[in-house]
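Inspection log for the structure reproduced underneath, given as structure tokens.
The values are calculated or read from the model by the stated rules, or taken from the named source; none is laboratory data. Keep in mind it's a predicted model, so treat the numbers as computed, not measured. Glycine gets a Cβ as well: all are built from the backbone with ideal geometry, and neighbour counts include every protein chain shown. The area values use the complete protein model at the heavy-atom level, side chains included, leaving out ligands, DNA and RNA. Shrake-Rupley method; radii C 1.70, N 1.55, O 1.52, S 1.80 Å.
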Amino acid sequence: MADYQLAKYATVDDVAVDMQQAIDPGSPHGKQVQYWLDKAERKIRSRVPMLDQWAGEDALYKATINDVLVSAVERKALNPEGLRSVMTQVDDANVQQTIDSTRSVGEISILDEEWAQLLRIDSGSMNSVQARMDPCFVPLPSYPYCY
């Protein structure tokens, strides 16, 4: 088997439930999905070194990791070749479909909004300054002008 760490926060069954498909973890397709999960988690770990600590402290964060991993693998599974459009011609009819750009990469990708969740970035306060009161505020004595 592989000598790298398997995905800790999502399983093949999680992907199967989200895709509404039966995926046997021992089948070639199940092994491929497991590899994609491992790859996605390695990608996340490379940018979030505190992943295990944060997941251990916060169950909601752990669920967010699962959501991101499953979504990344689902995008790859639904369009493994990275096609951007498909045209089918039958007799006199043409059917053309354009695939969503988030699914047309053909690689395991974590979206910007998913990175914001994983890196715990509050997008509402990124470009603003929030003043906070000093908890140890001691008023200075007031002296008359020109003292």
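Here is how the numbers come out for the structure above:
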read-out: The stretch 11-81: radius of gyration and largest Cα-Cα distance (Dmax), Å; value: 12.6, 38
read-out: The stretch 34-75: radius of gyration and largest Cα-Cα distance (Dmax), Å; value: 10.1, 29
read-out: Mean Cβ count within 10 Å, highest first, over the residues of peptides 23-32, 38-47, 70-79; value: 70-79, 38-47, 23-32
read-out: Accessible area in the full protein assembly, largest first, 1.4 Å probe, for 61, 35; value: 35, 61
read-out: Which of 112, 14 is most accessible, then next, and so on - probe 1.4 Å; value: 112, 14
read-out: Which of 69, 60 is most accessible, then next, and so on - probe 1.4 Å; value: 60, 69
